[in-house]
Amino acid sequence: MIFDGWQGVLHVVVVGVVAYPALVLLLRSSGKRTLAKMNAFDFVVTVALGLLVVLQFVVAWLSVRWRWFEQIVKSEPSLLVYRGQTRDDVLLAQRVSHDEVLAALRSAGLPNIAAAGAVVLETDGTFSVIEAEALQQATLAEPWTSTGAEQSAP
């Protein structure tokens, strides 16, 4: 390793000072058997898992406090089918096949795409299916607001 300035040394010192107590707390909280007969691979997996848990906490904490950060780390739901018509451009962009949409419709008890008012790919990767009748009743009872939802539908 070639010395190229004090910034690198400072970075190593700060990370070491922060990581060591965090690692000790993680290992102490996980129980005495965590390190029993542990090989190098087990130790690396334990440390990596601890870091992932901490990173998940940090991302969740930041996303509930700053909307711009939430928009970076979370996706928006995607409208795949609207009023019985598939939106092929959205299917392609979201890498969803027609067969997957048909499977979601069958799971919801709908016989075909024409019976679907809407199929939405949710942010967690699941499909939400709204029957055509339910969509029609909701549209009549509560008209669309100016949130842009009516603009995203074909």
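The values are calculated or read from the model by the stated rules, or taken from the named source; none is laboratory data. Just so you know, these numbers come straight off a predicted model, no measurement behind them. Using ideal geometry, Cβ is built from the backbone for each residue, glycine included, and neighbour counts are taken over all protein chains shown. Heavy atoms of the whole protein, side chains included, go into the accessibility calculation; ligands, DNA and RNA do not. Shrake-Rupley method; radii C 1.70, N 1.55, O 1.52, S 1.80 Å.
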L51 vs. criteria closer than 30 Å to Q136 by Cβ and of a type in the set (A, V, I, L, M, F, W, C):
no
Pick from region 127-154 the residues that are assigned to a loop (DSSP other than H, G, I, E, B), farther than 19 Å from G84 by Cα and open to solvent by 50 Å² or more (accessible area, probe 1.4 Å): which of them is modelled with the highest pLDDT?
E142
Is it true that K37 is more than 27 Å from V18 (Cβ to Cβ) and open to solvent by 100 Å² or more (accessible area, probe 1.4 Å)?
yes
So the check is Cβ under 7 Å with 6+ separation or different chains; which pairs have a first residue in region 123-137 that's of a type in the set (F, W, Y) and a second one that's outside any strand (DSSP E or B)?
F127/A104
Do we have T123 as open to solvent by less than 100 Å² (accessible area, probe 1.4 Å), in contact with a Pro (Cβ under 8 Å, 6 or more places away or on another chain) and at pLDDT below 90 here?
yes
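Here's the yes/no breakdown for (1) polar (S, T, N, Q); (2) more than 17 Å from the chain's Cα centre (by Cα); (3) open to solvent by 50 Å² or more (accessible area, probe 1.4 Å):
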| position | (1), (2), (3) |
| --- | --- |
| H11 | no, yes, yes |
| L27 | no, yes, no |
| V58 | no, no, yes |
| K74 | no, no, yes |
| A93 | no, no, yes |
| E100 | no, yes, yes |
Which ones in region 79-91 are in contact (Cβ under 8 Å) with a residue 40 or more places away in the chain and open to solvent by 20 Å² or more (accessible area, probe 1.4 Å)?
L79, Y82, R83, Q85, R87
